[in-house]
Amino acid sequence: MQFEVPQFIEVEDKIFGPLTLKQFIYLAGGAGVSFALYSLLPIFISILLILPILLLSVALAFYKKDNRPFILVIESAVKYLLGNKLYIWKKETKKKKNKEVKENVVKQLNIPKLSESRLKELGWSLDIQNEN
């Protein structure tokens, strides 16, 4: 039994001409808000408000930063600005840090301690085995 494996699952479908559904919603929302501002406010004030809204809607629809949608960039920025920030600084001297690193390495290696007599025995046994 053969199955068809879906391909290009990361590419969104073009629903409204050359636009995806998300792009169409961003552009339609920006146009709708712009029209509402144009009809409710005087022309000079409405133009000042419409331009940033249109730029934002176009950026949301088409602009990608580091191959990520612009909406994710805005989400990350808002989370950073509103989130808690905790900065901790602890100065350590290099000698103390190096000593801690060496102690950790020795603990991880678990090297057995050899006395001088035990070392002589191992050397003697290796010499005997190599001669045979």
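Laboratory data are not the source of any read-out in this text; all were calculated from the coordinates shown. What you see is a predicted model, and the numbers here were worked out from it, not measured in a lab. Backbone-built Cβ (ideal geometry, glycine too); neighbour counts: all protein chains shown.
Points worth noting:
- Under 5 Å from the amide H of T20 lie the amide H atoms of I15, each residue being 5 or more positions distant or on a separate chain, with H modelled from the backbone and absent for Pro and chain starts.
- Gain upon complete extension [E116, L51; 0.36 nm per residue less C-alpha separation]: 15.0 nm
- Residue order, fewest to most surrounding Cβ atoms within 10 angstrom, among W89, W124: W89, W124
- Which of I15, I88 has the fewest Cβ neighbours within 10 Å, and the rest in rising order: I88, I15
- For the range 1-92: rounded, prolate or oblate by the Cα gyration tensor [a/c cutoff 1.5]: oblate
- Proxy reagent accessibility, fewest Cβ within 10 Å first, across S117, S34: S117, S34
- Shape of the range 11-57, Cα gyration tensor, a/c cut at 1.5: prolate
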